[in-house]
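The next block holds one structure in the form of structure tokens; read it before the comments.
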Amino acid sequence: MKILVINGPNLNMLGVREPEIYGSFTLDDIEKELKQYARELDFSIDLEFFQSNFEGEIVDKIQNALDKFDGIIINPAAYTHTSVAIADAIASVNIKTVEVHLSNVYSREEFRHNSYIAPKCLGQVAGFSKTGYKMALLGLYEALK
Ligand code: DQA
């Protein structure tokens, strides 16, 4: 089972970026923990990680996932609230996708309450910090196996 994990803009800055909201761990910490969790869940899970600050690169990555990946976990970061293009890309490839947010976007500013991505997804996990990625993987795994 091949799962693509996509992280959007500024998530490469985790560890430095607003630690009171996002914590003091890095993106590398999230990836290592998720790899370990995948092994515990099922040895056949194969994860690939991708981070970009560019909307078009994320669209390209989703398009290229067609016929290569069984599922996608995505934290679209700020593009969650703005990107029709990423939402359309997910709808185009028809690959089961789970949206993740470290913070509880619904308890933050109003503009973070809308997601263009969530309606194209199997589900959304928000507010559980880096554990949210594991929750997303478990949900996706159960839906795909
Ligand atoms: C975020 C929430 C977004 O609103 C924000 O723009 C981010 C991170 C989260 O993981 O909590 O960059 O996706």
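Just so it is clear, none of the values below were taken in a lab; they were calculated from the coordinates. Keep in mind that what you see is a predicted model, and the values were worked out from it rather than measured. Counting neighbours? That spans all protein chains shown, and the Cβs are built from the backbone with ideal geometry, glycine included.
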Order of His113, His101 under a 10 Å beta carbon neighbour criterion, fewest first: His113, His101
All lysines inside 19 Å of Lys130 as judged from Cα atoms, apart from same-chain residues fewer than 8 positions distant: Lys32, Lys35
Fewest-first sequence of Phe54, Phe69 by Cβ atoms within 10 Å of each Cβ: Phe54, Phe69
Separation in nanometres of the label points that stand 7 Å from Cα toward Cβ, at Phe43 and Met1: 1.6 nm
Karplus 3J(HN,Hα) series, Hz, for the range 20-29 with 6.51 cos²θ - 1.76 cosθ + 1.60 (x for Gly, Pro): 5, 9, 9, x, 10, 7, 9, 5, 4, 4
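By its C-alpha gyration tensor, with a ≥ b ≥ c as the square roots of the eigenvalues, how is the range 58-145 shaped: rounded for a/c under 1.5, else prolate for a/b larger than b/c, else oblate?
Because a/c hits 1.5 or more and a/b fails to exceed b/c, the range 58-145 counts as oblate.
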